[in-house]
Amino acid sequence: MIHAIWRTGDNGPVSTLRIPTNLLPADGRFGCGPAKIPGDALARLAEAGRTWLGTSHRQAPVRDVVARIQRGLLDLYAAPEGYRVVLGNGGSTLFWDAAVSSLIERRSAHGVFGEFSAKFAAASAAAPHLDEPAVVEVAPGSVALPEPTADADVYAWAHNETSTGALAPVQRPDAEGLVLIDGTSAAGGVPVDLAHTDAYYFAPQKGLASDGGLWLAFLSPAAVERIERIAAGDRWIPSILSLQQAVQNSAAHQTLNTPALTTLFLLADRIDHVLADGGLDAAAARSRASAEQLYGWAEAREWASPFVAEPYRSPVVGTIDFSPEVDAAAVAATLRANGVVDTEPYRKLGRNQLRIGMFPTIDPADVEALCACIDWVVDNG
Ligand SMILES: *Cc1c(COP(=O)(O)O)cnc(C)c1O
């Protein structure tokens, strides 16, 4: 089983197995970020590029697109009264440091259940102006939520842990403190009740079918109040990490410094498309259809099984463990050599596993085709 035939290419061994073309998915992009961007959106980008790309982000045409993104997101998520959409450059990774600078007053409490939730906890732990964070951690494959902690003023965890494919509940803990949720891979594909969050932050290159480089956050009135209070104190806050400056710029539909206009265009285009197409619930249903397909397929194979146990199995990021006689890395390399890409597991997890993006842009029929391709590779390798 899967000892594929190899030759040596410029980047190491390359599989020479050719999957029959009638089995291949129409679109071979199954990455978890950057993730598939539909071709028609790219065509609209190319068209807009003639007059819109390469123009000032301080002028109306670009600011109008930022405003459309802000309005569209509030609409898509039925945001509670008073919530606003704030954005800036640097992706979700920057938002962790911005939160350390601008949102955590003294001490944060974290649920850690994979690489991304661990990174925010590490950023807080490294900050000299904060107390040691309170961390509840579990091994990858399950979910950990922060525990009510007397002196914590922020509670943080990931909605969807992209490194493992575990989806966590988003519900305020029974405690005072702001709730900061990393929605990076959930955004656009998993509904959430924003009333349970004070900052629901994300980047648009995963379930929102755009490109990277930007962070966005729904901020509650309590979060904005905290940001203003910390900014008024004597803490040194670099401009790029200042959420107060981000709040001010976002109110004018701008960012502190130059954003990638391509990212803004594709994001606005995607939001409009989802709104016109049944909203977040309809988008989420597509991911659920893909997930049922993938997990059902794995459960029916003796040599494959879903990594994450219910009820935490993600509808947008599927992780499938293989038994030792099937070499997942060889399967992924063979798929890649056939134009089916980014099924490799999260690099630091180190499991004999494939990880499959199932964002709403990905056609459930393509997930079905992917499963057939894996079957073929395992049978013929
Ligand atoms: C991808 C990802 C990030 C990092 O996003 P960047 O935009 O690359 O900084 C953070 N958290 C989660 C859950 C992610 O999936």
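The values are calculated or read from the model by the stated rules, or taken from the named source; none is laboratory data. These numbers were taken from a predicted model, which means no experiment stands behind them. Cβ atoms come from the backbone with ideal geometry, glycine included; neighbour counts cover every protein chain shown. To get the accessible areas, we keep the full protein, side chains included, count just its heavy atoms, and leave off ligands, DNA and RNA. Shrake-Rupley method; radii C 1.70, N 1.55, O 1.52, S 1.80 Å.
Summary table below
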item	result
Criterion (out of contact with any helix residue (DSSP H, G or I) (no Cβ under 7 Å at 6 or more places or on another chain) and under 21 Å from residue 31 (Cβ atoms)) met by exactly one of 284, 304	284
Criterion (modelled with pLDDT of 95 or more and farther than 26 Å from residue 287 by Cα) met by exactly one of 48, 79, 67, 43	67
For residue 352: the one exception among (1) touching a helix residue (DSSP H, G or I) at 6+ places or on another chain (Cβ under 7 Å); (2) polar (S, T, N, Q); (3) open to solvent by less than 30 Å² (accessible area, probe 1.4 Å)	(3)
Of residues in the stretch 67-109 being farther than 19 Å from residue 230 by Cβ and open to solvent by 50 Å² or more (accessible area, probe 1.4 Å), the one farthest from the ligand (Cβ to nearest atom)	81
Test: residue 310 is part of a helix (DSSP H, G or I), more than 30 Å from residue 94 (Cα to Cα) and either open to solvent by 70 Å² or more (accessible area, probe 1.4 Å) or of a type in the set (Lys, Arg) (or both)	no
Qualifying residue in the stretch 186-205 (condition: within 13 Å of the chain's Cα centre (by Cα), open to solvent by 10 Å² or more (accessible area, probe 1.4 Å), assigned by TED's automatic domain parsing to the domain that holds residue 139 and within 8 Å of the ligand (Cβ to nearest atom))	yes
Meets criteria (open to solvent by 10 Å² or more (accessible area, probe 1.4 Å), among the small types (Gly, Ala, Ser) and touching a residue at least 12 places away in the same chain (Cβ under 8 Å)) for residue 339	yes
Which numbered condition residue 132 fails, given (1) of a type outside the set (A, V, I, L, M, F, W, C); (2) assigned to a strand (DSSP E or B); (3) surrounded by fewer than 19 Cβ atoms within 10 Å (Cβ to Cβ)	(2)
The stretch 135-145 - residue that is away from the ligand (no atom under 14 Å from the Cβ), assigned to a loop (DSSP other than H, G, I, E, B) and not small (Gly, Ala, Ser) and, of those, surrounded by the fewest Cβ atoms within 10 Å (Cβ to Cβ)	138
Selection status of residue 99, within 19 Å of residue 200 (Cβ to Cβ) and in the same structural domain as residue 153 (by TED's automatic domain parsing)	yes
Of the criteria (1) free of Cβ contacts under 8 Å to residues at least 40 places away in the same chain; (2) β-branched (Val, Ile, Thr); (3) closer than 13 Å to residue 98 by Cα, which one residue 240 fails	(1)
Condition met for residue 152 (at pLDDT 95 or above, more than 10 Å from the ligand (Cβ to nearest atom), buried (at least 19 other Cβ atoms within 10 Å of the Cβ) and aliphatic (A, V, I, L, M))	yes
Candidate set from the stretch 292-307 (those that are among the charged types (D, E, K, R) and closer than 16 Å to residue 328 by Cβ); member that is most open to solvent (accessible area, probe 1.4 Å)	302
Residue within the stretch 64-86 that is farther than 28 Å from residue 190 by Cβ and touching a residue at least 40 places away in the same chain (Cβ under 8 Å) present	yes
Conditions (1) open to solvent by 20 Å² or more (accessible area, probe 1.4 Å); (2) in a loop (DSSP other than H, G, I, E, B): number failed by residue 45	(2)
Which listed residue is touching a strand residue (DSSP E or B) at 6+ places or on another chain (Cβ under 6 Å), open to solvent by less than 40 Å² (accessible area, probe 1.4 Å) and outside the structural domain of residue 290 (by TED's automatic domain parsing), from 127, 166, 118, 123	118
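Matching residues to (1) assigned to a loop (DSSP other than H, G, I, E, B); (2) without any contact (Cβ under 8 Å) to a residue 60 or more places away in the chain:
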residue	(1), (2)
266	no, no
271	no, no
296	no, yes
330	no, no
334	no, no
343	yes, no
351	yes, yes
